[in-house]
Structures are given as structure tokens and as C-alpha cells.
Amino acid sequence: KDSEIFFKEFSKKYDFSYNIEFSDKISAIAMVLNNIKTLVLNTNHTYSENELAVLTNHEIGVHMVTTMNGLLHPLKIFSHGFPDNEETQEGLAVFPEYMSNNLTVTRLKELAYRVIAVDSLAKGYPFSRTFRLLHNNYDLDRESAFYITLRAHRGGGFTKNYLYLSGLKKIYDYYHSGK
């Protein structure tokens, strides 16, 4: 529950409130449910200091702030999101990791492995083949390979995972363009 304290402390700088729930039923380590203004933390995960720094900016500083800002506008689309905005949202959510020197090589590799897993899924490979690809060809330990494979294959296929890296690249390129 130290993670809950960390998130609440981080959130004091914002003029909104949200709920924090704990669940052992999510595959992510944390996620925001914008429609009910709730941050869900995985009870099966022990958070490192770096993860807490990353997740507070990612989940609260980008996703929750975007939703809360959108709710201030009369058009609900601003809080529900525009078509094709997920790539921008995830790019914006990962970019602070880079800007704050919290984007580790390990995290960058994880994002790349997710792209590989989604590519495997898109090619029609079953769960077991994606797992073997990550474990055998990329030398991921069994637990990491399983977790990343699960993220891609859950619910019959979840391709959003490729958006984190492509979104980050677009935001990074835009930032460095000086526009």
C-alpha cells in the first residue's frame, strides 16, 4: 500500500480527485479506468522507486490529466478521446520517462519486445510460438516472455502494445523538430 501513498502524494499538485483500487485480475501493473476516474494497481506486483516515478507521470500525469481536462469541456469527445488518439496518448505517457531520465534500457527493450509480440500475433502465431520467439530468439527469461506474450494475446489479441514505441518516436521527433 506504499504505492497508494506515493500516488496520492504525487496527485496533490492536481486539482482533481480519483479513486485507487487494487486488483489481482489485471495483467498490467497499473492502469487508469478513465470512465470511472479510477487508478487500478496490481496487487501481485511490488513497485520499485523507478516504476512509481514512471507510473505516476504515465497514468496520472498524462492519462488521468487528459481525461479530467476533457471533462471540463462541454463536448464529451474531449474526455472520451478522438479516433486514433491512443498512439499520441501512449507516446505522451512514455515521453516523460525519457525527459526525466527514467526511461531505462530495460524499459525501452520491454516496449520493443511488445512490438515483436504484436507482430507475431498479427502474423497469426499462437501464444506458444510468440512465447518461444521471445524466450528463445531474444533470450528473455521465461517470466518476462510469458508476461509480454500475455499482453499481446489477451482477449484474443491486443495490438495496442505497439503504440507505446511508435507514439514515443512520434512525440520524440516532434519535440526535437523545434516546432
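The values are calculated or read from the model by the stated rules, or taken from the named source; none is laboratory data. Small disclaimer: the values here were computed from a predicted structure and weren't measured. Cβ placement follows ideal geometry from the backbone for every residue including glycine, while neighbour counts extend to all protein chains displayed.
Residues that are of a type in the set (G, A, S), assigned to a helix (DSSP H, G or I) and surrounded by fewer than 18 Cβ atoms within 10 Å (Cβ to Cβ) were ranked within the stretch 64-116; the one that is modelled with the lowest pLDDT is S79. Within the option set K109, K123, K179, being under 25 Å from S48 (Cα atoms), outside the structural domain of H58 (by TED's automatic domain parsing) and free of Cβ contacts under 8 Å to residues at least 24 places away in the same chain holds for one residue only, K109.
Against the test of being surrounded by 14 or more Cβ atoms within 10 Å (Cβ to Cβ) and not assigned by TED's automatic domain parsing to the domain that holds L140, the options S11, S17 yield a single qualifying residue, S11.
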